[in-house]
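This report refers to the structure that appears directly beneath it.
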Amino acid sequence: MKKSAVIIGGGLGGLFTGAILSKEGMQVTVLEKNAIIGGGLQSFQRFGVLFDTGMHIIGGMQEGGNIRRLCEYLGIWDRVHLRDTDPDNMDSIYFAEDKRTYRIARGKKRFVETLSEAFPDQKAHLQAYIEAVYRVADEVDLFYLRPSPEYLQVHSDDFQMSATDFIAKYIPDEHLQSVVAYLNPLYGGRDKVTPAYIHALISVLYIDGSSRFAGGSLLFAETLRDVIEENGGKVYAGDAVVSVQSREREITGVTTASGKTFTADCYISAIHPCALFALLDDEKVLPKPYRTRLSELPNAYSAFTLNLKLKPNTFKFFNYTMYYMSRYDEMWRFGETKVWPNGFLFVTPPEIEQGEYARKMIVTAPMAWEYVKRWENTTVGKRGEEYEAWKKAYAEKLLDCMEEIHPGIRNCIEAVNAASPLTIRDFYGIKEGSMYGFSKDCNNIVMSQVPVVTKVPNLYLTGQNCNLHGFCGVALTAIVTSEAILGRNYILNKINALGGKE
C-alpha cells in the first residue's frame with residue numbers, strides 16, 4: 001500500500017512538497033481554499049491584463065542553481081518559462097536624497113566592479129565584503145543542496161551577527177552600506193535584528209543570477225500540480241479546510257467547507273502555523289508552550305501594491321528590477337510607521353513573447369500592519385468608503401515618487417488596481433498580511449526558527465514560516481519536510497546523483 005499525505009494549502013510550499021512526495025510514490029492530496037491554486041504564484045485578471053500576485057524576482061534558476069536542480073529532479077525544467085534579467089544591470093537602485101542611481105551587474109566580480117565605479121575608494125572593502133557574504137552562505141548546506149551532517153554544525157561569528165553589523169564590519173562608507181543592503185525589502189530586514197545569514201543567502205541568490213516567470217507565475221504552479229496528478233495525486237481548489245481532527249495525540253483527518261473528509265498516514269500544513277492552530281478540533285494536541293511561542297513571534301511587515309495597466313506603446317519594457325529609496329539612512333526602516341513610503345520596488349513583468357513596450361507594471365512598497373489595523377475586522381468588498389479613499393491616496397503617494405524616476409508616467413497608465421496588507425492577509429490567510437512569515441532575530445536565532453516536525457508524530461509543517469522564505473526558501477523547505485517523512489538526505493542524495501555529485 002502506498003503511504004499517503006494530505007497537504008493543507010496549495011501555495012508554493014504545499015505544491016512543491018506535494019510534487020516531491022508524489023514523485024517518490026506517496027498518494028498526495030492537496031487542499032487549497034482559494035479557487036485558483038498557487039498562493040503567491042497565482043495570477044489574476046484585471047482590466048483584461050494578467051497580473052501575478054507575487055514571486056516577481058526569483059533566483060536559483062541559472063545553470064547549476066539549487067532550484068533549477070530541484071526542477072530537473074522533478075522532471076519539469078523543460079516546462080518552466082523564464083526570462084533572465086539583464087546581466088549588466090539586473091537591479092537598479094535610485095536614492096531620492098541625492099538623485100543617484102546605482103546599477104548591479106550579475107556575478108561576484110561584476111558586483112564589485114559596478115559598485116566600485118560609484119565608490120572607487122571602497123573597492124578593497126567591497127571585495128572583502130562579497131567574499132564574506134559567500135563564506136556565510138556556504139555555511140548553509142541546504143542552500144547548496146549538500147546532504148546534512150549528523151552532527152550539530154557550529155557557525156561563524158559573521159553568520160550569527162545582525163545584517164547591519166555584518167555589513168558595517170566590512171564596509172565603512174555609510175552610503176555604500178545602504179546600497180549593498182538594497183535587497184532587504186525582499187526579506188523583511190530589520191535594523192540590528194535580521195541575521196547576517198539571511199542577508200547573505202538572499203544576496204548570493206540574486207548576485208548569481210535572477211530571473212522572472214514569463215507569461216505569469218501561475219504556469220509554474222500548474223506545472224507542480226501536474227506532477228502531483230501525473231503521479232496519481234489530486235489537487236482540490238476552492239474548498240478550504242475548516243477542521244483538523246485528532247485523537248490520542250495524532251491527526252486523524254481533515255474536513256473541508258464542502259463537508260468532505262480526507263484521511264492519510266501523515267498531514268502537512270503549508271499555511272501559517274497560527275492559521276493551523278485555529279483549525280484544530282482539540283488545541284491541546286499541540287503543547288501550549290509551542291502554540292504560545294509561535295503565536296507571539298513577530299511577523300515580517302506587509303506591503304501595499306499597485307498593479308498598473310499601461311497604455312499600448314507608451315512605456316518601454318525594462319529587464320531589471322528598479323528600487324526606489326527615499327534616504328540612505330532609511331534603508332532599514334521599512335517596517336516602521338513614521339514615514340511612507342520609505343522605498344519600494346517595481347518591475348515590468350515579461351510576457352512569453354515580450355516586445356519593446358511593456359503592457360503592465362507592478363509596484364510593491366513595504367508597509368506596516370498598523371496602517372490598516374483600523375479595518376482589520378472588515379472583509380473584502382466591505383471595508384467602506386474611508387478605506388477606498390485611503391487606498392487611493394496612498395496609490396497617489398507611490399505615483400508621485402514614480403514621477404521622480406519616470407517623469408510623465410501617469411500619462412502612460414490606463415488603469416490602476418491597488419492592494420493593501422488586508423488583501424494579503426485575506427488572500428493568503430497570513431497573520432497581519434506578512435510577506436515573509438515570521439521575522440528572524442539574530443539575538444535569538446533558535447527561538448525564531450520553526451522546525452518542520454511537530455510534537456504530533458504525523459503532523460508536519462512546510463512553507464515560508466520554516467527555515468527560509470521566498471521562492472528559493474520555500475522550495476528548499478519542501479525538501480526538508482519531505483525528508484522528515486522519507487528519511488534524512490533521501491531527496492538530496494537523489495538530486496546530487498542526478499547531477500553526478502556525491
Subject >> Val193 modelled with pLDDT under 95, outside the structural domain of Gln354 (by TED's automatic domain parsing), farther than 30 Å from Arg110 by Cβ and aliphatic (A, V, I, L, M) >> reply: yes
**OP:** Check Phe277, Phe317 and return the single one that is within 29 Å of Leu186 (Cα to Cα) and out of contact with any helix residue (DSSP H, G or I) (no Cβ under 6 Å at 6 or more places or on another chain).
**Re:** Phe317
Original post:
What single numbered condition from (1) more than 27 Å from Lys99 (Cα to Cα); (2) surrounded by 22 or more Cβ atoms within 10 Å (Cβ to Cβ) fails to hold for Tyr129?
Top reply: (1)
Subject >> Failed item, numbered, when Arg225 is tested on (1) assigned by TED's automatic domain parsing to the domain that holds Asn465; (2) closer than 30 Å to Ile445 by Cα; (3) of a type in the set (Lys, Arg); (4) touching a strand residue (DSSP E or B) at 6+ places or on another chain (Cβ under 7 Å) >> reply: (2)
Original post:
When you look at Ala221, is it farther than 22 Å from Tyr94 by Cβ, under 18 Å from the mean Cα position of the chain (by Cα), touching a residue at least 24 places away in the same chain (Cβ under 8 Å) and buried (at least 20 other Cβ atoms within 10 Å of the Cβ), yes or no?
Top reply: yes
Subject >> Qualifying positions in segment 63-80 - of a type outside the set (Asp, Glu), in a loop (DSSP other than H, G, I, E, B) and surrounded by fewer than 16 Cβ atoms within 10 Å (Cβ to Cβ) >> reply: Gly64, Gly75
Original post:
Just one of Asp121, Asp88, Asp98, Asp78 is within 24 Å of the chain's Cα centre (by Cα) and charged (D, E, K, R); which is it?
Top reply: Asp78
Original post:
Of the residues Lys382, Lys455, which single one is touching a residue at least 12 places away in the same chain (Cβ under 8 Å) and of a type in the set (Lys, Arg)?
Top reply: Lys455
Original post:
Applying the selection to segment 285-318, what residues are under 30 Å from Val446 (Cα atoms) and not in a helix (DSSP H, G or I)?
Top reply: Leu286, Pro287, Leu297, Pro298, Asn299, Ala300, Tyr301, Ser302, Ala303
Original post:
Taking segment 429-455 as the search range and keeping residues that are in a loop (DSSP other than H, G, I, E, B) and in contact with a helix residue (DSSP H, G or I) (Cβ under 6 Å, 6 or more places away or on another chain), which one is modelled with the lowest pLDDT?
Top reply: Gly429
**OP:** Considering only segment 368-413, state which residues are among the polar types (S, T, N, Q) and exposed (fewer than 12 other Cβ atoms within 10 Å of the Cβ).
**Re:** Asn377, Thr379, Asn411
Subject >> Filtered residues of segment 96-154 (kept if assigned to a helix (DSSP H, G or I), polar (S, T, N, Q) and touching a Ser or Thr at 6+ places or on another chain (Cβ under 9 Å)) >> reply: Gln122, Gln127
**OP:** Filter segment 2-61 down to residues that are surrounded by 20 or more Cβ atoms within 10 Å (Cβ to Cβ) and of a type in the set (Phe, Trp, Tyr) and give me whichever is modelled with the lowest pLDDT.
**Re:** Phe51
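The values are calculated or read from the model by the stated rules, or taken from the named source; none is laboratory data. Computed from a predicted structure; not experimentally measured. A quick note on method: Cβ atoms are made from the backbone with ideal geometry, for glycine too, and the neighbour counts reach across all protein chains shown.
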